[in-house]
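> The structure's right below; bear with me while I get my questions together.
The values are calculated or read from the model by the stated rules, or taken from the named source; none is laboratory data. Source: prediction; values computed, not measured. FYI the Cβ positions are ideal-geometry reconstructions off the backbone, even for glycines, and counts take in every protein chain you see.
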Amino acid sequence: MDRATTESKKIFYLSISIVLSISMLVYYKYTEFLLENLFSLIGYEWESNLGIILPVGISFFTFQTMSYSIDLKRGNIPVCKSLPKYMLFVAFFPQLVAGPIVRATEFIPQLSEKIKITLPNLLIGGQLFLGGAIQKVIFSDNLSSYADTVFSQPELFSTGTLWLSAIAYAMQIFCDFSGYSLMAIGIAKTLGFHLPENFRMPYISLSVTEFWRRWHKTLSFWLRDYLYISLGGNRKGKIRQDFNLLITMILGGLWHGASWNFVIWGSAHGLALIVHKFWEKRTRSWCHSIKKSIYYKVIAWASTFIFVLLLWIPFRAENFTITLNYFIGMFSFSHEGISWINPNVLVVLLCIIFWHFLFIVKSNSLLQFPLLKLDRLYPQLVISFVILALLLFVPLNSSPFIYFQF
């Protein structure tokens, strides 16, 4: 592609690269899903017997290699002539299995610099890693057993319990994935590498659009820059823009896994983004002052959070039947109140609420939050307390990272 002299040849080589990458992803991740639905259409029941083993991190490194090819075609990056450097970009171990999704334009130039392990980087990276470990071990893992139990048989629990479990899972998946990303960023920092921020406190968002600018940012911006814009973006009229946005979010949902629940999740978010863009355009001239009021912001935040919360249900549920039973139980109000609760869940949720409030006051970015300088007794005691808390409060049934399955 780099040596190609015409645009048509560049496009031809890029197409080969993308088709090969997508074909491998589809084979390993979606073959059984496609065959199951195909056999269902013709009236046969598909029995899974292919035994396809999903390669570790395939969703993440496929997107990284595709971004390299596309950026090379667009002229955003020179060709990488070193195979070891390219392999390190694809398989850099801290973020290989669950992100953040790193672009060649961000990572490969760092390989041209002299890599040094320095004391400042060790201190910063170590604290970032501890922050991620707190999210995963103390917050996420203490919520997982409660959410998993309720989601397994939602018809057995009361309306209040179902709502509390949905909130618990919303916080669990955020702390789990944000925690992994922060640990990956911290490990990379100790080695002298910089990885991009992946989360920016998404549950304080005032709209679905803002949510996707804060949640799994490296995936959101990848879909925007390499899929939405490639489809035409907003350059071909309003109808085409809405179509491109919906297709992007549906494919973003399918990226998470081969299930109709992910299609529902992605489609609903796509429709919400379309509605929000329509609302913003219609109210831009007369609603500007109202949007600055605290009442509007509270309503906007509450509606956004509830929408995101409800859509975590099909995302988490193993099949459509569980999703349907969960929603029926949430809105039937036949059994009011919380019939089952784990005290650890309430404690953890209160800690997460305080943690959100702290970062709203200090900074909207985990990476911009002031880190401790370990030259005095106070920060040394804080770090020691964090390490002790991790040792004391790690659950015995610690769960794997949620995004390992993707």
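> Give the residue, chosen from LEU34, LEU50, that is surrounded by 12 or more Cβ atoms within 10 Å (Cβ to Cβ), touching a helix residue (DSSP H, G or I) at 6+ places or on another chain (Cβ under 9 Å) and over 30 Å from PHE107 (Cβ atoms).
Step by step, each of LEU34, LEU50 is checked, and only LEU34 is surrounded by 12 or more Cβ atoms within 10 Å (Cβ to Cβ), touching a helix residue (DSSP H, G or I) at 6+ places or on another chain (Cβ under 9 Å) and over 30 Å from PHE107 (Cβ atoms).
Listed here are the residues, each with its yes/no results for (1) under 26 Å from ALA98 (Cα atoms); (2) assigned to a helix (DSSP H, G or I); (3) at pLDDT 90 or above.
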| position | (1), (2), (3) |
| --- | --- |
| LEU246 | yes, yes, yes |
| GLY253 | yes, yes, yes |
| LEU271 | no, yes, yes |
| ARG282 | no, yes, no |
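> Return the total of residues in the stretch 46-76 being among the β-branched types (Val, Ile, Thr) and not in a helix (DSSP H, G or I).
Qualifying residue count for the region: 3.
> Considering LEU25, LEU14, which residue is in contact (Cβ under 8 Å) with a residue 40 or more places away in the chain and either exposed (fewer than 13 other Cβ atoms within 10 Å of the Cβ) or not in a loop (DSSP other than H, G, I, E, B) (or both)? Talk me through it step by step, then tell me what you get.
Numbers: LEU25 fails: in contact (Cβ under 8 Å) with a residue 40 or more places away in the chain.
After ruling out the rest, the residue left standing is LEU14.
> Is it the case that VAL79 is among the β-branched types (Val, Ile, Thr), modelled with pLDDT under 90, part of a loop (DSSP other than H, G, I, E, B) and closer than 30 Å to ILE185 by Cβ? Spell out the reasoning first.
Values: among the β-branched types (Val, Ile, Thr): yes; modelled with pLDDT under 90: no; part of a loop (DSSP other than H, G, I, E, B): yes; closer than 30 Å to ILE185 by Cβ: yes.
Criteria not met by VAL79.
> Looking at the structure I just gave you, is ARG200 in the same structural domain as GLY270 (by TED's automatic domain parsing), in a helix (DSSP H, G or I) and basic (Lys, Arg)? Walk me through how you get there before you give the answer.
On the way: in the same structural domain as GLY270 (by TED's automatic domain parsing): yes; in a helix (DSSP H, G or I): no; basic (Lys, Arg): yes.
No: the conditions fail for ARG200.
> On the basis of being within 18 Å of LEU390 (Cα to Cα) and crowded, with 24+ Cβ neighbours inside 10 Å, does ALA184 make the cut?
yes
> Which residue is farthest from SER67 (Cα to Cα), if the candidates are limited to the stretch 191-225 and must be touching an Asp or Glu at 6+ places or on another chain (Cβ under 9 Å) and buried (at least 19 other Cβ atoms within 10 Å of the Cβ)?
Restricting to residues being touching an Asp or Glu at 6+ places or on another chain (Cβ under 9 Å) and buried (at least 19 other Cβ atoms within 10 Å of the Cβ), the top hit is SER207.
> A follow-up question, please. Please work out if TRP260 is outside the structural domain of LEU25 (by TED's automatic domain parsing) and within 17 Å of the chain's Cα centre (by Cα).
The answer is no for TRP260.
> I'm trying to understand the selection: among the residues of the stretch 93-104, which are part of a helix (DSSP H, G or I) and closer than 12 Å to HIS194 by Cα?
PRO94, GLN95
> Let me ask another. From the set of residues in the stretch 122-153 that are within 12 Å of TRP340 (Cα to Cα) and not aromatic (Phe, Trp, Tyr), which is surrounded by the fewest Cβ atoms within 10 Å (Cβ to Cβ)? Spell out the reasoning first.
From the stretch 122-153, those within 12 Å of TRP340 (Cα to Cα) are 146-147, 149-150; that's our starting set.
Now drop any that are not not aromatic (Phe, Trp, Tyr), which leaves 147, 149-150.
Numbers: ALA147: 24, THR149: 15, VAL150: 22.
Out of the qualifying residues, it is THR149.
> Please specify each residue of the stretch 104-130 satisfying the condition of being in contact (Cβ under 8 Å) with a residue 60 or more places away in the chain and either closer than 22 Å to LEU219 by Cα or in contact with a Lys or Arg (Cβ under 9 Å, 6 or more places away or on another chain) (or both). Full working, then the answer.
Residues of the stretch 104-130 in contact (Cβ under 8 Å) with a residue 60 or more places away in the chain: 106-107, 110, 115-118, 121-130.
Within the stretch 104-130, GLU106, PHE107, GLN110, ASN121, LEU122, LEU123, ILE124, GLY125, GLY126, LEU128, PHE129 meet the criteria.
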